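Everything on this sheet refers to the single structure shown next.
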Amino acid sequence: MASVFIYHVVGDLTVGKPEMTEFYETETVEAAIRAIGESTECGIPVWRRKPLVGIENSEMRQQRFVGILNSLDIVSFLAKSECLEDQEKAMKTPVSEVVVPNGSLLRQVDPGTRLIDALDMMKQGVRRLLVHKSVVWKGMSKRFSIIYNGKWLKNNENPNSSSNSLTTNPNRPSTSSTTTVRDKFCCLSREDILRFIIGCLGALAPLPLSSIYYLGAINPNFSSIEASVPAIEATHIQPGDPSAIAVVEPALDGQHKIIGEISASKLWKCDYLAAAWALANLSAGQFVMGVEDNMTPRSLADYAVNSTAGDNNIVNGVGSTRPRKFSSRSIGFTPSSPGFSVNRGLSFGASRSMYRGRSAPLTCKLTSSLAAVMAQMLSHRASHVWVTEEESDDVLVGVVGYADILVAVTKQPAAMIPSNRSLETFTTDIQS
């Protein structure tokens, strides 16, 4: 295990992080949409309000945490028939009726908690770490730990202190401390952890250049739905982690080809009402492929939807109500071929490659390196990457998410998959 996880502490990752603003369960869905657009991992922690009297300790604060609300939860809620009938009322619904309660997704930790302990929490299902907001470091987590501006961490209060010496024993765990502001917290996500990891790849060698297959980072237990079934069926699936459902086409040999996904990542900054209507009225394949904007007046009437249209679509929640077409653009996707037609858009044959754009799922190969997959996730702000066969661009074999990467980077060499195991054997095991 890399020493970088042992001698760094959680406080090293909080430098420059903004103060967390609690989002209460009494807020509306409309307010949640705005907050999710500015969040990480496409979701926001939801809280109960603080008691009016008394001093709140960490246990009381933990009990106030309700769960994490993401974009897929909201679109699934707005796709209900009663919400489509009265969209204005649906947007004013308190999020307490939408969020799935799960108090285990967030944990409050001390800034001096070792990073390896924080990783263990996240491997067990924690998605957010609540950390006291640090103001001034007094000491350092290791002699090479530096603030992001490149300055060495020093103890300015006592220049003669031994903790200020660069000859600090590197084999000793952190004894650093911080000055914290009471009742001011920041929230660390798994994306923040991943950014830290990719910044110290050299200390993790040779893991970053090893394939995700060799590291055992591929999760074959993913959620999927066939393209021909109604998209609303995706709301009946509990995808777990990551919050994503692959839209697939069955092949003659029993394999499944991925053509898109219904996920919190793809719906992160979309037109929520347009997406909800599409989820309720289209097939899964139509939902992920989109409907072309060049439509006849008759077909336009079939695909019209009343949605709030402002300067920033439904994210702003204000504006005039007018009929709107559902298309890949209206839910945040961009077509790659201007010559795409409705007929081609509603068929899932060879022509589908002409119209993918941002709706195309993020994929990698079995032999992709761990560093490459992490870079993909961070550059696309995605919570996962779908894994396809080495010889095919769309035959789906698994998915790699945050939890899988955290397990891989902390795995002992002896626990890795034997290198003599063939890719064909791995693929056959998944299909069976």
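What ranking do 371-377, 381-387, 236-242 get when scored by the average of other Cβ atoms within 10 Å per residue, highest first?
Top of the packing list down: 381-387, 371-377, 236-242.
Which pairs in the list 123/269; 92/269; 89/133 are over 29 Å apart, alpha-carbon to alpha-carbon? Mind showing how you got there, number by number?
Values: 123/269 27 Å; 92/269 19 Å; 89/133 37 Å.
Where the Cα-Cα span goes over 29 Å, the pairs concerned are 89/133.
Can you work out the Karplus-derived ³J(HN,Hα) for every residue in segment 255-268? Use 6.51 cos²θ - 1.76 cosθ + 1.60 with θ = phi - 60°, whole Hz, and x for glycine or proline.
Ordered by residue, 3J(HN,Hα) equals 7, 10, 9, 7, 10, x, 8, 10, 8, 5, 5, 6, 9, 3 Hz.
What's the carbon and sulfur percent of segment 7-97's accessible surface, probe 1.4 angstrom, rounded to a whole number? Each step should come with its number before you reach the end.
Working: 2120 of 4290 Å².
Within segment 7-97, the accessible surface is 50 percent carbon and sulfur.
Fully extended, how many nm does the chain gain between residue 110 and residue 81 (0.36 nm per residue separation, minus their Cα-Cα distance)? Working shown, then result.
On the way: separation 29, 0.36 × 29 = 10.44 nm, distance 4.50 nm.
Contour length minus Cα-Cα distance gives 5.9 nm.
Can you give the extra length, in nm with one decimal, that the chain gains between residue 97 and residue 53 once fully stretched, where that is 0.36 nm per residue apart less the Cα-Cα distance?
Values: separation 44, 0.36 × 44 = 15.84 nm, distance 2.65 nm.
Result for the pair: 13.2 nm of gain on full extension.
If the cut-off is a Cα-Cα distance under 19 Å, which aspartates and glutamates reach residue 184, setting aside same-chain residues fewer than 8 apart in sequence?
Answer for residue 184, where 19 Å is the Cα cut-off: 12, 19, 22, 56, 59, 110, 192, listed by chain and number.
Which order do peptides 42-55, 395-408, 118-131 fall in by mean Cβ count within 10 Å, highest first?
395-408, 118-131, 42-55
The values are calculated or read from the model by the stated rules, or taken from the named source; none is laboratory data. Note that this is a predicted model, so its numbers are computed, not measured. Cβ sites come from the backbone with ideal geometry, for glycine too, and all protein chains shown count toward neighbours. We work out accessible area using only protein heavy atoms, side chains counted, and drop any ligands, DNA or RNA first. Shrake-Rupley method; radii C 1.70, N 1.55, O 1.52, S 1.80 Å.
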